[in-house]
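As structure tokens, the structure follows; a few thoughts come after it.
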Amino acid sequence: MTITSLLPGRLGLGTAPLGSMFRDVSDEEAAATVDAAWDHGIRYYDTAPFYGAGLAEIRLGDALAGRPRDSYVLSTKVGRVILDEVEDPAARELGEKGGLFEHGRPNKLVHDWTADATKRSIEDSLRRLRTDRLDIVWVHDVAQDFHGDEWLAVYESARTGAFRVLQQLRDEGVIKAWGLGVNRVEPIELTLDLDEPKPDAFLLAGRYTLLDHDRALQRLLPTAADQDVSLVVGGPYSSGILAGGTHFEYQDAPAHIIEKVARIKELAERHGVSVKAAALQFSLAHPAAAAVIPGATRPSRIAEDVAALAEAVPAAFWAELREAGLVSPLAPLPTA
């Protein structure tokens, strides 16, 4: 089964915000957001133990409890084991993402991509999600943004541990697909070069957006398309800056990004286009892109995302975006 045939639609829900990313999100608000996604027909949900030290998984599991399990697709990630022991969430060493989930649970995070840790992580996720099976499992964050110069050692641990476990689970039919869930292109490029094991897809966050797509277009996406390995686009709003927020790469947006967003917004307004529509539809225009999974913590955002995906965007907008140098000449656009 390919990832494209597995996914029930091109729009899913990313649940990092349900782990109280950036701010303290209430249980009620989280539940209402998942309910809104369900009511708008969204049937693909992505989560991870990392999001609030299990908080997003718990909230997603509670919200989906009672829903027919065969009616939705669920993915989570491996690479962190959540302990009962507690720590200060604000003091965790998370590379470039320090303090990201300081409003989440205080349970200690252990970074571990070995075979045993992968099996334990899956068992723990099943319990938190209140389900008996996972459809897709991503190997989480084996890249430079979390590990700096040590990232290749972390990647190798995952290659000999998590990769092999997940490939076996897929071959046995326990899960339907596996791949990497990362914020950088390099670990995916390495994985596509391997003879074995072979992933079914990958989740790439922040690297195929209106604001950042050049590197992915150079080698990663052509290779993925040649190998029939699909892309799930995470972070299509670049941490919020393309949806009216102030964050880029999970931090306050720098001046040059704010200026670029202003240029995109001005062009979009002249054509009567919402920036959200431009962002989602651009990310899905590449033939390797199977789905996009924006995150949300407010129910109203779900309706906006659904409307943005369905919005009619004139060809003249895409042409002018290209002419202005705001997208790569190599990037496929929604209207030829």
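Residues are listed down the side, and each one gets a yes or a no for (1) acidic (Asp, Glu); (2) under 24 Å from VAL165 (Cα atoms); (3) open to solvent by less than 20 Å² (accessible area, probe 1.4 Å):
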| site | (1), (2), (3) |
| --- | --- |
| PRO8 | no, no, no |
| GLY14 | no, no, yes |
| ASP27 | yes, no, no |
| ALA30 | no, no, yes |
| ARG43 | no, no, no |
| LEU64 | no, no, yes |
| ARG67 | no, no, no |
| ARG80 | no, yes, yes |
Query raised in the report: For ALA285, are the conditions met, namely being open to solvent by less than 30 Å² (accessible area, probe 1.4 Å) and either out of contact with any strand residue (DSSP E or B) (no Cβ under 9 Å at 6 or more places or on another chain) or at positive phi (or both)?
Result: yes
Report summary line: Residue count, the range 42-59, condition touching a residue at least 40 places away in the same chain (Cβ under 8 Å), over 14 Å from ARG127 (Cβ atoms), assigned to a loop (DSSP other than H, G, I, E, B) and not hydrophobic (A, V, I, L, M, F, W, C), comes to 2
Requested in this report: Answer yes or no as to whether GLY66 is outside any helix (DSSP H, G or I) and not acidic (Asp, Glu).
Outcome: yes
Query raised in the report: For the range 294-310, which residues satisfy the criterion of being touching a residue at least 40 places away in the same chain (Cβ under 8 Å) and open to solvent by less than 10 Å² (accessible area, probe 1.4 Å)?
Result: PRO294, ALA296, ILE302, ASP305
Report summary line: Within the range 45-60, the residues that are within 18 Å of VAL139 (Cα to Cα) and open to solvent by 20 Å² or more (accessible area, probe 1.4 Å) are TYR51
Query raised in the report: Any idea which of THR76, THR4, THR33 is under 16 Å from LEU134 (Cα atoms) and either among the polar types (S, T, N, Q) or not in a loop (DSSP other than H, G, I, E, B) (or both)?
Result: THR76
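The values are calculated or read from the model by the stated rules, or taken from the named source; none is laboratory data. This is a predicted model, so every value here is computed, not measured. A quick note on method: Cβ atoms are made from the backbone with ideal geometry, for glycine too, and the neighbour counts reach across all protein chains shown. For accessibility, only protein heavy atoms count, side chains too; no ligands or nucleic acids. Shrake-Rupley method; radii C 1.70, N 1.55, O 1.52, S 1.80 Å.
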